[in-house]
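*Asks:* Take this structure first; my questions come after.
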Amino acid sequence: MNKSAFFVLMIVAMFSAAVVSAAQTPADTHAAANSVALASGTGLNAELNGALDSKKAKAGDPVAAHITEAVKVDGKVVIAKGTKLVGHITRASARSKGDSDSTLAIQFDKALPKNGDAIPLSLWIRAIAAEPKEASQVGPDLNPIGGTGSAAAAGSPMRPTRPPTNVDTSSSGGATPDPSPNSAGTINAAGQLSPNSRGVIGLEGLTLAPEAPRDNQGSLITGSGKTVHLEGGTRLLLILQAEASVVPEK
């Protein structure tokens, strides 16, 4: 290769590298520099935006919830209260003749901040509890998610009120969990599930699989009745299965 050809190749290589660098710099580099790691095992308190019923639902139907308590890392809010959580039904069945139970499996897999890009999250449901007495105050960002599926499946955050379950207003702020099998934990006066909560609290006839699901099969809820029914506002304790990179809220 003569010197002229070598010089031309060097110019082309340098120009290509500059183009790639320029294409990546503005948003990607800034986001990467400001992101923080949300550790595996982090708990998120949430509520379903609308009712779910295993008799009406089918695999692939969308599910929506919202964060009810801001998630913080080193004092900084990384997922704000009210942030949408989006998932889908992975399994649904009503009990029919010969069946021992009804089933509903839910997989949550991303958060949708009001300002910013979707955050991929692998979440499993470790505890569920009856909805709080009063409906949450919601804004436009908590409307049902768009796309395929019925409005009932996507869910609406507006729902009727219902008496509270196992809420203790004593000075300790704790609560005695419902004596359902494999359930534990407390619900404080603010209606949040404690970090050690697990299983089903205050929802008769339902059982939650105690282990994290594999291969995105969804957290499995079984019911002794003809259907698994969860009201809008049902409280959820969601656990992050893998570390996630999140840009703190401003």
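The values are calculated or read from the model by the stated rules, or taken from the named source; none is laboratory data. Given the structure is predicted, the values throughout are model-derived calculations rather than measurements. Glycine also receives a Cβ, built like all others from the backbone with ideal geometry; neighbour counts cover every protein chain displayed. Remember, those area values only see protein heavy atoms, side chains included, never the ligands or the DNA or RNA. Shrake-Rupley method; radii C 1.70, N 1.55, O 1.52, S 1.80 Å.
*Asks:* Being of a type in the set (D, E, K, R), in a strand (DSSP E or B) and at pLDDT 95 or above is the filter here; which residues of segment 52-90 pass it?
*Replies:* Correct list: Asp53, Lys84.
*Asks:* I would also like to ask the following. Which residue, of Lys81, Lys76, Lys110, Lys97, is open to solvent by 40 Å² or more (accessible area, probe 1.4 Å) and in contact with a Leu (Cβ under 7 Å, 6 or more places away or on another chain)?
*Replies:* Going through Lys81, Lys76, Lys110, Lys97 in turn, just one is open to solvent by 40 Å² or more (accessible area, probe 1.4 Å) and in contact with a Leu (Cβ under 7 Å, 6 or more places away or on another chain): Lys110.
*Asks:* Does Ser16 satisfy the condition of being hydroxyl-bearing (Ser, Thr, Tyr), in a helix (DSSP H, G or I), out of contact with any helix residue (DSSP H, G or I) (no Cβ under 9 Å at 6 or more places or on another chain) and modelled with pLDDT under 85?
*Replies:* yes
*Asks:* While we're on this one: When segment 205-250 is examined, which residues are found to be farther than 18 Å from Asn45 by Cβ and touching a Pro at 6+ places or on another chain (Cβ under 8 Å)?
*Replies:* Passing the criteria: Thr207, Leu220.
*Asks:* Oh, and also: Out of segment 96-122, which residues are under 11 Å from Leu238 (Cα atoms) and touching an Asp or Glu at 6+ places or on another chain (Cβ under 7 Å)?
*Replies:* Those that are under 11 Å from Leu238 (Cα atoms) and touching an Asp or Glu at 6+ places or on another chain (Cβ under 7 Å): Leu121, Ser122.
*Asks:* What tally of residues in segment 37-51 results from selecting those that are in a strand (DSSP E or B) and either at pLDDT 95 or above or surrounded by 15 or more Cβ atoms within 10 Å (Cβ to Cβ) (or both)?
*Replies:* 7
*Asks:* For segment 121-132, state whether one or more residues are at negative phi, exposed (fewer than 14 other Cβ atoms within 10 Å of the Cβ) and at pLDDT 50 or above.
*Replies:* no
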